Amino acid sequence: MEGPSLYLAAEQLQPFAGRRIERVSGNSKIGIERLAGQTVLAIFAWGKHLVFQMDTFALRVHFMLWGTFAATVKGRSVTGDYRRSGPPRLVLNFPNGEITIWAASVKFVEDADAKAAYDFSANVMSDEWDPRAALAKTRAFPRAEIADVLLDQAIFAGVGNIIKNEVLFRTRVSPFVKVRDISDRKLKAIVADARTFSFRFLDLRRIFALRKNLEVYRRSACPRCGGKIERRVHGQRARRSFFCAKCQHVRVSALPTMRIRRSRSGTNIRTAPPRDAGGRRRRARRRDPA
Ligand SMILES: [Zn+2]
């Protein structure tokens, strides 16, 4: 889930702020029993984190690549159309409803004011978002591919793979271009659109119309020129980029695709690029939850 979905989640879960947790269950091994009887004082989102503040500690939920959640208030669903996958990590029962979380990373933060530890100027969904700081931080990685930098949560907290791809298409920038080769004007446009598109994402998510309104992410034809949308797994993060070579000025012929190595008999053997330590090449083929 990307930043706008977490922003929406915090909003949807506000009926539980000030409420006492009556029962706790789930397969998490972090000692979730301690949540029983606690009152949730506040619920907020930062980037891809969803945080439940209790009196002396907080629960931090990170949905990673595949986590989802659902909640009901007085028997009525208040969340979206997220897929549910396997046994729940955590279920919180309140007098007025329940929250169920799947496949997320959950962690306790021993802090009576967890919100104060977050830098909201780096959060694209925040009123405190500071585009000038983001620009300066981006320029500090001149040799990095822009697609990698957009996913850096210390610079663009909340931006995930969908937002990255859409922003680069909307600003007509190649995902492969290095930061040092991008003009100031263009880089400012990228930084500005990281926030602008995130709010469009939020509006579309509210009405369950996100997928069909994406222009390049998992699309096959460019909505602007009708050309083919290409896809490549690349960069330090080994995440997938979707792009129109024509509109985003990418020389596809210059991109690495398969590695060629020569066998002893002299014939060329094509091998796929190696996996990174996390095995991300395989995982990147799966769909990113919005
Ligand atoms: Zn195009």
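Any read-out appearing in this document is the output of simple, stated calculations on the displayed coordinates, not a laboratory observation. Quick caveat: nothing in here was measured; it's all calculated off a predicted structure. No Cβ is skipped: glycine too gets one built from the backbone with ideal geometry, and neighbour counts run over all protein chains shown.
A few comments on the model shown:
- Dimensionless Rg/Rh of the stretch 1-111 - Kirkwood Rh, Rg from C-alpha atoms: 0.91
- Distance between the 7 Å Cα→Cβ label points at Asp119 and Ser220: 4.3 nm.
- Cβ-defined net charge surrounding Phe156, 10 Å radius [Lys, Arg +1; Asp, Glu -1]: +2
- From its DSSP helices (H runs of at least four residues, each -39,500 (n - 2.57)), the chain gives a residue-normalised ellipticity at 222 nm of -6500 deg cm²/dmol.
- Cα convex hull of the chain, projected area averaged across orientations, nm²: 17.6
- Restricting the stretch 73-149 to trypsin sites (Lys or Arg not before Pro) in coil, as DSSP defines it, with at most 16 other Cβ within 10 Å: Lys74, Arg83, Arg84, Arg143
- Cα centroids of the stretch 11-29 and the stretch 197-252: 35 Å apart.
- The stretch 10-60, Cα convex hull volume normalised per residue, Å³: 90
- Net length gained if the chain between Glu128 and Ser77 were fully extended (0.36 nm per residue, minus Cα distance): 15.3 nm
- Max mean-square fluctuation residue, GNM over the chain, Cα-Cα springs under 10 Å, options Asn123, Asn93, Asn213: Asn213
- The chymotrypsin sites (Phe, Trp or Tyr not before Pro) of the stretch 123-227 meeting both criteria, a DSSP state outside H, G, I, E and B (loop) and at most 11 other C-beta atoms within 10 angstrom of the site's C-beta, are Phe208.
- Relative to the longest principal axis of the Cα atoms of the chain, the long axis of helix 3-12 makes an angle of roughly 20 degrees.
- Overall shape: prolate for the stretch 101-188, with the ratio a/c of the largest to smallest alpha carbon gyration tensor axis at 1.5 or above and a/b above b/c.
- Qualifying GluC sites (Glu not before Pro) in the stretch 117-182, where qualification requires a DSSP coil assignment and no more than 16 other C-beta atoms within 10 Å, comprise Glu128.
- Mean Cα-pair separation over length for the chain, i.e. relative contact order, pairs under 8 Å, 6 or more apart, %: 16
- Mean sequence separation of contacting Cα pairs (under 8 Å, at least six apart), scaled by the length of the stretch 89-239, corresponds to a relative contact order of 19 percent.
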